[in-house]
């Protein structure tokens, strides 16, 4: 059975998001390890959504989405974009609510992913400065669009939340299931 171009693209996007991808150059029946979960899978036991071809887990897409979807990573990247290179203490003071440990973990992850650079300054005592890499700068361009979208739609989202909360409160009072609309 073959897929239509639309269902093939949908399958690719769905599999990419869920960590499954098929490389046509790989042999069927090989075992691969998903670096994200550490689980080894047998390729021949897995199938694609369309034609039964084997798929293999790819942690890259999911890991990247996890990183850029992490609140602290986004806030640190935006802070570095707005203010340029910053020292640890400056970042901790400017990213509201982040703990020292969480900032340390976030900076290590961003550095590992190649989104920031860590530079030890030749001072006494030594100081460390963090800055965006070329890839980090390109990410903040995308994040700016997301921030702009959030700002432009904030009032509508707040109104929808108020409406939802009010409807949920009313439905709970009457025993109806929250979030379900009935049509006449």
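Only the coordinates and a few stated rules stand behind these numbers; no lab work does. Source: prediction; values computed, not measured. We place every Cβ from the backbone using ideal geometry, glycine too, and count neighbours over all the protein chains shown.
The figures follow:
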| read-out | value |
| --- | --- |
| Computed over the stretch 66-135, Cα set: Rg, Dmax in Å | 11.4, 37 |
| Order of 140, 133, 169 - criterion: other Cβ atoms within 10 Å of each residue's Cβ, fewest first | 169, 133, 140 |
| Footprinting exposure proxy for 66, 122, 148, 113 (fewest neighbouring C-beta atoms within 10 Å first) | 122, 148, 66, 113 |
| Inter-site label distance for residue 108 and residue 157 at 7 Å from Cα along Cβ, in nm | 3.0 nm |
| Relative counts (whole %) of C-alpha pair distances in the stretch 101-184, using bins that are 5 Å wide | 3, 11, 11, 12, 10, 9, 9, 9, 9, 7, 5, 3, 2, 1, 0 |
| Stretch gain in nm, segment residue 65-residue 174, where the contour uses 0.36 nm per residue and the Cα spacing is subtracted | 35.2 nm |
| Stretchable slack from residue 146 to residue 127, in nm (0.36 nm times residue separation minus alpha-carbon distance) | 3.6 nm |
